[in-house]
Amino acid sequence: MNNPQTINVTLLLPLQTGWNLISIPRDQADTAITTVLSSISGSYDLVYAYDASDPTNPWRKYNVNAPPYSNNLSQINETMGVWVHMTTEGTLTVAGSIPPTTSIQLYQGWNLVGYPGIQAKAISEALSSIADKYTLIYAYDASNPADPWKKYNVGAPAWANNLSEVRSRLGYWILATENCVLTINN
Amino acid sequence: MRSRAIVASMALTILLLSGTTVVEAMPPLPSSFHGTVKRDGTNVAEGTVVSAWINGVKYAETQSQMYQGNSVYAINVPGDDPDTTQVEGGVEGNTIVFKVGDSTASPTGTWHTGTDVDLNLTAPPTAVTLSSFTAKPVAVPPVGFTSRFLLALAVTGLIALLAASAILVKDAK
């Protein structure tokens, strides 16, 4: 359950050519995918999201050039991690209110989530609501093409991890050990 | 025995010190396909199961729907997590065989992560089985009559043969 504040802050997300794993860290008045991504219209062609509540068919897809029947992703919001394939570089303008609290249902196994926090936070702090209920986190930073994957393994020594904090612009893969609810406070 | 224990403990120590852990990779982006699905050039029934197979294993299935007068499908074929022993889906270059119901359709697809390919599927005509024909009854004489007729014929023939033999023996004498 989200309780958006009246504060509206526009965020600019630079996106690279190729795949970008992002979050939409604002509460959108209109969550239609074409509306949310309207600022990069013509610069992207394919979008994927992952619905962990549907383990037999978790992937959701929106192909700009495909007929409507073939797309099963029509809405995106601040709880979701979203893969966006850019055909050219672009900047996504994310307008909307800052959600004071966001609750995201996680399911045992892999979950692809957004992070609608205003400030970057250490992983242990940002994910304190699911402490001991996750073992692994991945992020994909397309702005660093030489080493885009960032990993935080709870059981690994610090030197083996290259992800230490979560930021609002990125989407995150979280490996949950049980069903739980991730709560993010601003 | 003692040396084995020492080697095992050394290996365990090295493993722990190196921080080695089994890390499961997140799911790769799927390989997606969509298009028309027909059987012998005609639409398939809405709700027909379309499935995707790699090396004889089914990894995804969906149901056909109707769109602008055509039966169509859309499917996401998952990828494999190379860090696990089990195979969860495809890897780059795998051939994907599509089935419409139980029939193998053509053409095949190729697994590529993060792509959505327009691929029209055609299934062969449904095989016609002999059981689909209705057998027509044929008029035949009753079995009892035939048996009696044949028996009478055989007995008559035997008697005639014996009589002929007797005549031949008598003439020879």
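No lab work stands behind these numbers, since they all come straight from the coordinates. Keep in mind it's a predicted model, so treat the numbers as computed, not measured. Using ideal geometry, Cβ is built from the backbone for each residue, glycine included, and neighbour counts are taken over all protein chains shown.
Once both labels are modelled 7 Å past Cα along the beta-carbon direction, what's the B:THR126-A:LEU11 spacing in nm?
5.3
Assign one of three labels to region A:95-144, namely rounded, prolate or oblate, based on the Cα gyration tensor with a ≥ b ≥ c the square roots of its eigenvalues; rounded applies when a/c is under 1.5, prolate when it is not and a/b is larger than b/c, and oblate otherwise.
oblate
HN-Hα J couplings of region A:130-140 from phi, Karplus 6.51/-1.76/1.60, θ = phi - 60°, integer Hz, Gly and Pro as x?
Ordered by residue, 3J(HN,Hα) equals 10, 3, 6, 10, 9, 10, 8, 9, 10, 10, 10 Hz.
Which residues in region B:68-100 have a backbone N closer than 15 Å to a point placed 7 Å from the Cα of A:ASN72 along the Cα-to-Cβ line?
B:72-79
Tell me, B:THR95, A:THR31 in order of fewest to most beta-carbon neighbours within 10 Å?
Least crowded to most crowded, the residues run B:THR95, A:THR31.
Classify chain A from the C-alpha gyration tensor, please: rounded if a/c falls under 1.5, else prolate or oblate depending on whether a/b exceeds b/c.
Taking the square roots of the gyration eigenvalues as a ≥ b ≥ c, chain A is rounded.
When the Karplus curve 6.51 cos²θ - 1.76 cosθ + 1.60 is applied with θ = phi - 60°, which whole-Hz ³J(HN,Hα) does each residue of region B:102-107 get, with x for Gly and Pro?
Going residue by residue, I get 9, 8, 6, 9, 10, x Hz, with x marking Gly and Pro.
Averaged over A:61-71, how many beta carbons belonging to a partner chain fall within 10 Å of each residue's beta carbon?
Mean shielding count: 6.
For chain A, what does the helix formula give at 222 nm: sum of -39500 (n - 2.57) over DSSP H segments with n ≥ 4, over the residue count, nearest 500 deg cm²/dmol? Write down the numbers at each step before the final one.
Numbers: 2 runs with 8 residues, N = 186.
Per the formula, -500 deg cm²/dmol.
Using the alpha carbons of region A:11-94, what is the convex hull volume per residue in cubic angstrom, as a whole number?
For region A:11-94, the hull spanned by Cα atoms encloses 88 Å³ per residue.
Peptide B:28-40: average number of partner chain Cβ atoms within 10 Å per residue? Could you put the intermediate results ahead of the total?
Numbers: counts 0, 9, 6, 1, 8, 1, 7, 3, 0, 0, 0, 0, 0.
Mean partner-chain Cβ count within 10 Å for B:28-40: 3.
Most exposed first by the Cβ proxy, i.e. fewest other Cβ within 10 Å, how do B:VAL50, A:VAL181 rank?
A:VAL181, B:VAL50
Taking each residue of A:102-113 in turn, how many C-beta atoms of other protein chains fall within 10 Å of its C-beta, and what is the average?
Working: counts 0, 0, 0, 0, 0, 0, 0, 2, 5, 1, 2, 0.
Counting Cβ atoms of other protein chains within 10 Å of each residue's Cβ and averaging gives 1.
Quick one: if you stick a label point 7 Å off each Cα along the C-beta vector at B:MET66 and A:SER129, how many nm between them?
So the two model labels end up 4.5 nm from each other.
In whole angstrom, note down how far apart the Cα centers of region A:163-179 and region A:1-69 are.
17
Under a crude label model (7 Å from the Cα following the beta-carbon direction), how far is A:SER103 from B:VAL49 in nanometres?
Rounded to a tenth, the inter-label distance reads 3.7 nm.
Once you keep just the Cα pairs under 8 angstrom separated by 6 or more residues, what percentage relative contact order results for region A:137-182?
After rounding, I find 41 percent.
How compact and how long is region A:101-185, expressed as Rg and Dmax of its alpha-carbon atoms in Å?
In order Rg, Dmax, the Cα atoms of region A:101-185 give 12.1, 35 Å.
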